[in-house]
Amino acid sequence: MAGLHELTIHETRGALLRKEASVTEVVTAYLERIEELDKSLNSYLTVLADQALEQARAYDSGTLPLQDKPLGGVPLALKDVLCTQGVRTTCGSRILENFIPPFDATAVARLKENGAILLGKTNMDEFAMGSSNENSAYGPVRNPWDMERVPGGSSGGSAAAVAADLCAGALGTDTGGSIRQPASFCGVVGMKPTYGRVSRYGLVAFASSLDQIGPITKDVRDAALLLQVVAGHDPRDSTCLEQPVGDLQARLDEPIRGMTLGIPKEYFVEGMDPEVARAMEEAFAVFRDLGARLVEISLPHTDYGVAAYYIIAPAEASSNLARYDGVKYGFRKQEARDLLTMYRESRNLGFGAEVKRRIMLGTYSLSAGYYDAYYRKASQVRTLIKQDFIQAFDNCDAIIAPVVPTPAFKIGEKTQDPLQMYLSDVLTLPASLAGIPGISVPCGHTSGGLPVGLQVLGPHFGEAVVLQLAHNFEKNTDHGNKKPSFP
Amino acid sequence: MKEKITREEVRHVADLARLDLNPDEEVQMTQQLNAILDYMEKLNEVDTSQVEPTTHAVERANVFREDVVGPSLQRDSALANAPQTDGVHFVVPKVI
C-alpha cells in the first residue's frame, strides 16, 4: 500500500472505513510531512496540528461517527482567503495578519458538517491578486517539481500542498484562473465551477462578479466529491445559484464516445511553449481514441480577455478593499494625528505593491470621466466574450485547450513587469469573465520534468460534463500518477 | 507618446484611494499604470456600440427574502478584531 499521505480523498475514506489505518495515523502522516518539507515549500501559513489531532482521536475513539459523512476523517487544507471561525485568516496580507474571523465561510461550514478535518490554511498571493504566489506578505511558495520555480497563483499554497502530499485535498479560489493555473503548474487537478455554484459567504472578496471557490485535488473523482459537498444554494449569498447541483459523480465513468469537443484556434497563442503544444496534441489524440469528435472552433474575442479582466477585476477590488481602514479589523497605524491620516498610513503599510497597483488601477478606471472609457467598455467586451462561448457550445459539448501557454516560470522572472505577469493569464481569464466551469487536469510533463495541464471548459452549469471528460482522460493516461521528487 | 496618466493624476487617484505613496512609489506607479493603460487601448479595436455591458456572468433577477429578524453577530465578537474599542464602540482618532 502507498504511504497514507499519498492517498486521494476517496482512497483515504476507503482505508479508514476498512480499518486499514486510523484517523490519527492519517493526520500524523500529513503533520510529519508538513514538518519535514514545508519549511522549504512555504505552502502553509497556519497549521492546526493540535486541533486536527484532537479531532482525529475523537473519530478513533468513536466519539465522532466516521461512517456516514462523505469526508469523515479526511485532512484538508484551505486557502487562507476563506474565513475560519477562531482561526487566523490573513489573505496573504499584512493588513489581516491578526484577523480571527468570528464565523465560518459557508464552504468551510459544509466541509466541517461533512466530517473533514482542517489541517491548516494555505499561502496565497495577497488578496488573491497574482499568478505566481510571489505577492504573499509571508514569502513565496515554491513549486514542488522545481524549487526555483513558482507554483502559480493565486492559490499557489493549496496547489503546492496537494502536489507535495501535504494534505489529502484543498480548497482554492479562482477569479481569473487562480485554481486552474496553479493546478496546471503543480500537476494536480483544480476546478473552477460555474459562477454562483458555491456560496461566497465568508470568502474575503476580491472581485465579486468573478470570485468562485473550488477544489484542488489529487484526482478528478476527489474534485467531484469535494465540489459536491461545498456546492449548492446558500441564502447568505444572493449570487449563489438555485439551480440544483445534481450528482457530480454519477457520470464520471460514462464513456465519452460520440461527444463533440471544440478546440479554440485562438488558444494556440504566439509564444506558446512547443512542449505544451506537443502535450496538447497528445491529449487530443487520447480524446479521439476514446471516440470523441474534435472540431476546430473560434472564440474571436479571446485576445481582449486580459484587457477586459484587468479593468473589471481591479475596479471591483478597489471598491471591496475600501473596507480595510484600520477601524473594525486589521492593521492600524497607531498614533496617527487624525482619522484621514490613520486611514492612509494604515493602508499604505498594510497593503503590498500589487494590491496597491490594482487599487490604483481600479480607482482610476472608476473615477469621474473615465468610467465609460474603461469600466463600461470592458463590461461590454465581457458580453462579447461570454457570447463567444455560448455560440461555441451550440456546436460542441465542451472545449479542450491548454491552461497556460508555458510551464511554471522561475521565481523572480516576471516580478518587475506587471503586464507580463497579467499576460500569462490569457487562457484562463475568458472562462472567468463568462462565468463558465473549467478544470485543469495533468496531461504531461516537459523534458525538464515540469507538469502541463489540460483545460476542459463546459457551458454554464455543466460541471458534470467537465468532470466526465476530465475523468475519462485521467483514467486513460498516467500523467496524474507521477509525483514530484524532493531533493 | 502622450502619457495616459500623469504623476499629478497618480497623486490624485492615490488620494481618492486613501493611499499614501512616497515619491519613489509615485514615479514607479505612474510608469507601470501607463504601460498597463496603453495595453488597455486594445479594447478600442472592438465595436461595442450595440453591446450591453455584462455585470454578472450568470443572469439573476432580484433576490428577496422575508423581512424577519435572524441571528446576527454579538457585539463582543464584532468588536473582537478592532484595533481600539471602549467595549461598546469602535474608537478612532479625532475627526475634527
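The values are calculated or read from the model by the stated rules, or taken from the named source; none is laboratory data. A quick note: this is a predicted structure, and the numbers were derived from the prediction, not measured. Because the Cβ atoms are built from the backbone with ideal geometry, glycine has one as well, and the counts that use them run over all protein chains shown. Each accessible area value is taken on the protein alone, full model and side chains, heavy atoms only, with ligands, DNA and RNA left out. Shrake-Rupley method; radii C 1.70, N 1.55, O 1.52, S 1.80 Å.
Measure up A:LYS39/A:LYS356; A:LYS112/A:LYS483; B:LYS4/B:LYS42; A:LYS218/A:LYS475; A:LYS333/B:LYS94 against 19 Å on the Cα-Cα distance and list the ones that go over. Mind dumping the intermediate values first?
Numbers: A:LYS39/A:LYS356 29 Å; A:LYS112/A:LYS483 29 Å; B:LYS4/B:LYS42 14 Å; A:LYS218/A:LYS475 13 Å; A:LYS333/B:LYS94 14 Å.
The answer is A:LYS39/A:LYS356; A:LYS112/A:LYS483.
For A:ASN395, project a label point 7 Å along Cα to C-beta. Then give me every residue of region A:231-266 with its amide nitrogen under 14 Å of that point. Those under the cut-off are A:260-266.
Simple point charges give the picture: +1 on the Cβ of Lys and Arg, -1 on the Cβ of Asp and Glu, and for region A:4-259 a dipole about the Cα centre of about 360 debye.
Mind checking how much accessible area A and B bury in total, 1.4 Å probe, in Å² rounded to 100? The partial results should precede the final answer.
Values: alone 18380 and 9640 Å², together 22650 Å².
The A and B chains share an interface burying roughly 5400 Å².
Would you mind calculating the relative contact order of region A:4-259 from Cα pairs under 8 angstrom and at least 6 residues apart, reporting the percent as a whole number? About 18 percent, as a whole number. Looking at the square roots a ≥ b ≥ c of the eigenvalues of the Cα gyration tensor of region A:355-487, which shape do they give, rounded for a/c under 1.5, prolate if a/b is larger than b/c, or oblate? It comes out oblate by the Cα gyration axes.
Using the Kyte-Doolittle scale, find the helices of chain A whose mean hydropathy is at least 0.5 and whose Cα atoms extend 15 Å or more along the helix's long axis, counting only whole DSSP H runs. Helices passing the filter in chain A: A:220-230, A:305-320. Using a probe of 1.4 angstrom and keeping all protein chains present, the accessible surface of chain B works out to 71 square angstrom per residue. Modelled label positions at B:GLN50 and A:GLN334, each set 7 Å beyond Cα in the direction of Cβ, lie 6.4 nm from each other.
By a straight-distance test (C-alpha under 18 Å), which lysines pair with A:LYS265 as possible cross-link partners, with residues fewer than eight away in the same chain excluded? Hits, sequence-local ones excluded: A:LYS386. On a 0 to 90° scale, report how tilted helix B:7-16 is relative to the longest principal axis of chain B, with both axes built from alpha carbons and the result rounded to the nearest 10. Its long axis makes an angle of about 20 degrees.
Run through the DSSP bridge list for region A:4-259 and note the antiparallel percent, rounded to the nearest 5.
Numbers: 15 of 23 bridges.
So the antiparallel bridges amount to about 65 percent of the total.
Please report, in debye to the nearest 20, how large the charge dipole of region A:308-349 is about its Cα centre when each Lys and Arg carries +1 at its beta carbon and each Asp and Glu carries -1 there.
On the way: 7 positive and 5 negative charges, 20 e Å.
Once rounded to the nearest 20, the dipole reads 100 debye.
Per residue, the solvent-accessible area of region A:4-259 (1.4 Å probe, heavy atoms of protein chains only, all protein chains present) comes to 29 Å².
Think of region A:338-465 as having a plus end and a minus end, set by charges on the Cβ of Lys, Arg, Asp and Glu; of A:ILE385, A:GLY369, A:ILE436, A:GLY369 sits farthest toward the positive end of this dipole. Subtracting the Cα-Cα distance of B:TYR39 and B:ARG7 from their residue separation scaled by 0.36 nm leaves 9.7 nm.
From the square roots a ≥ b ≥ c of the eigenvalues of the alpha-carbon gyration tensor of region B:1-76, which class results: rounded (a/c under 1.5), prolate (a/b over b/c), or oblate? Write out the running numbers ahead of the final one.
Numbers: a/c = 4.46, a/b = 1.42, b/c = 3.13.
In terms of gyration-tensor shape, oblate.
The modelled label-to-label distance for the pair B:LEU16/A:SER319, using points 7 Å beyond Cα in the direction of Cβ, is 1.4 nm. Can you list the aspartates and glutamates whose alpha carbon is less than 12 Å from that of A:LYS121, not counting same-chain residues fewer than 8 positions off? The reachable aspartates and glutamates, counting only those whose Cα sits under 12 Å from A:LYS121, are A:ASP80.
Based on the Cβ-Cβ distance of A:GLU97 and A:LYS410, what FRET efficiency does E = 1/(1 + (r/R0)^6) give at R0 = 35 Å, to the nearest 0.05? My answer for the efficiency is 0.80.
Residues of region A:363-389 that lose at least 40 Å² of accessible area (1.4 Å probe, protein heavy atoms only) when the other protein chains are present, relative to their chain alone, are A:THR363, A:TYR364, A:TYR374, A:LYS377, A:GLN380, A:ARG382, A:THR383, A:LEU384, A:LYS386.
Tally up the carbon and sulfur contribution to the accessible surface of chain A as a whole percent, 1.4 Å probe, everything protein left in place. Carbon with sulfur: 48 percent of the solvent-accessible area.
What is the average number of partner chain Cβ atoms found within 10 Å of a Cβ in A:313-319?
Values: counts 0, 1, 0, 1, 0, 3, 0.
For this peptide, the per-residue mean of nearby foreign Cβ atoms is 1.
Within 10 Å of the Cβ of each residue in A:336-344, the mean number of Cβ atoms contributed by other protein chains is 4.
Region B:1-76 and region A:179-220 have Cα centres spaced 22 Å apart.
Mean per-residue shielding of peptide A:350-359 is 3, counting Cβ atoms of other chains within 10 Å of each Cβ.
Can you compute the label reach from A:PHE486? Point 7 Å from Cα along the Cβ direction, backbone N cut-off under 19 Å, restricted to region A:41-66. Zone members listed by number: A:41-50.
Taking R0 as 35 Å, what FRET efficiency do you get between A:ASP303 and A:SER40 from their Cβ-Cβ distance, rounded to the nearest 0.05?
Working: r = 39 Å, r/R0 = 1.10.
The value I calculate is 0.35.
Accessible area of chain B with a 1.4 Å probe: how many percent of it is carbon plus sulfur?
On the way: 3460 of 6840 Å².
Percent of accessible area from carbon and sulfur atoms in chain B: 51.
Considering only A:CYS240, A:VAL229, A:ILE216, and ranking their Cα positions along the charge dipole of region A:208-251 that arises from unit charges at the beta-carbon of Lys, Arg, Asp and Glu, the one farthest toward the positive end is A:ILE216.
Quote the charge dipole size of chain A about the Cα centre in Debye, to the nearest 20; the model charges only the Cβ of Lys and Arg (+1) and of Asp and Glu (-1).
For chain A, the charge dipole is close to 900 debye.
Restricting to the protein assembly as shown, compute how many DSSP beta bridges are antiparallel as a %, nearest 5. Don't skip to the end; give the middle numbers.
Details: 31 of 46 bridges.
Restricted to the protein assembly as shown, the bridges split so that about 65 percent are antiparallel.
For region A:330-435, trypsin sites (Lys or Arg not before Pro) are listed when DSSP marks them as loop and at most 11 other Cβ atoms sit within 10 Å of their Cβ; the list is A:ARG337.
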